[in-house]
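Participant: Before anything else, here's the structure in question.
Each value in this text was obtained by applying a stated rule to the coordinates, not by laboratory testing. These numbers were taken from a predicted model, which means no experiment stands behind them. Glycine gets a Cβ as well: all are built from the backbone with ideal geometry, and neighbour counts include every protein chain shown.
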Amino acid sequence: WLDDFGFLEPETEECAWNGGTNMVNQPNGALCDVHGEVYALYLPENNLTGTLPREIGLLASMQSLWVAWNAIGGPIPDTAYDLDRLFLMWINGNELTGTISEDVGKLSNLGGLWFTDNLLTGPLPSRISDLSNLVAFSVNDNVLTGPLPS
C-alpha cells in the first residue's frame with residue numbers, strides 16, 4: 001500500500017481510516033456517516049494487491065467503492081453483490097479474474113459500474129438489464145464474450 005490509513009490496526013476505528021485527497025479531490029480511505037457506518041471506500045491508485053475480501057459484503061451502508069488502478073486480483077467476491085445501497089463501483093484497472101455474477105442484478109441502486117481493464121471472462125450477465133438506475137457502465141478491455149443484454 002502507498003498509504004494504509006491505519007487499516008486493521010486494533011487501536012484505529014474504521015471511521016479514522018482516511019487521510020488526504022485523491023486525484024479528483026475526494027477524501028482517501030474510509031468515509032463514515034453520522035452513525036459510524038462506512039458509506040464509502042476511496043482507495044484508487046494505492047498499490048493495493050491481493051483480492052477483494054469477502055468481508056466487503058459486511059459494509060451494509062456502502063454507497064461508493066473506488067479501488068481503481070491498483071493490482072487487486074482474483075474473482076469478485078459473491079458478497080460484493082450484497083451491497084444493496086451501492087450506487088457507484090469503480091474496480092477498473094486491476095487484475096480481477098473470473099466472471100461477473102448474475103447476482104450483479106441485486107445491486108438495484110447502482111448508477112455507475114466500471115470494470116474496465118481487468119481480466120474478466122465469460123458472457124455479460126443477463127441481469128445487468130435489471131439495473132434500472134444504471135447510467136454509466138464500462139467493461140471494455142476484458143475478455144468478455146457475447147452481446148450486451150437488452
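Participant: Tally Lys and Arg at +1 and Asp and Glu at -1 over the other residues with C-beta under 11 Å from the C-beta of GLN63: what net charge comes out?
Facilitator: -2
Participant: Under 20 Å from a point placed 7 Å out from the Cα of ASP84 along the Cα-to-Cβ direction: which residues of region 128-146 have their backbone N that close?
Facilitator: Flagged as within label range: 128-134.
Participant: List the relative contact order of the chain as a percent without decimals, with contacts defined as Cα pairs under 8 Å and 6+ residues apart.
Facilitator: 15 percent
Participant: Whole-Hz Karplus ³J(HN,Hα) for region 33-48, in order, using 6.51 cos²θ - 1.76 cosθ + 1.60 and θ = phi - 60°, x for Gly and Pro?
Facilitator: 7, 5, 8, x, 9, 5, 10, 8, 10, 10, 9, x, 6, 10, 6, 5
Participant: Also, quick follow-up: Given N residues in region 14-145, what is its alpha carbon radius of gyration divided by 2.2 N^0.38 Å? Show your work: numbers first, answer last.
Facilitator: Values: Rg = 14.0 Å, N = 132, 2.2 N^0.38 = 14.1 Å.
Taking N as the residue count of region 14-145, the ratio is 1.00.
Participant: Please give me the summed charge of the neighbours of ASN109: other residues whose Cβ is under 13 Å from its Cβ, Lys and Arg +1, Asp and Glu -1.
Facilitator: Every neighbour counted, the sum reads -1.
Participant: Amide H neighbours of GLY74 under 5 Å, counting only residues 5+ apart in sequence or on other chains, H built in-plane at 1.01 Å?
Facilitator: THR97
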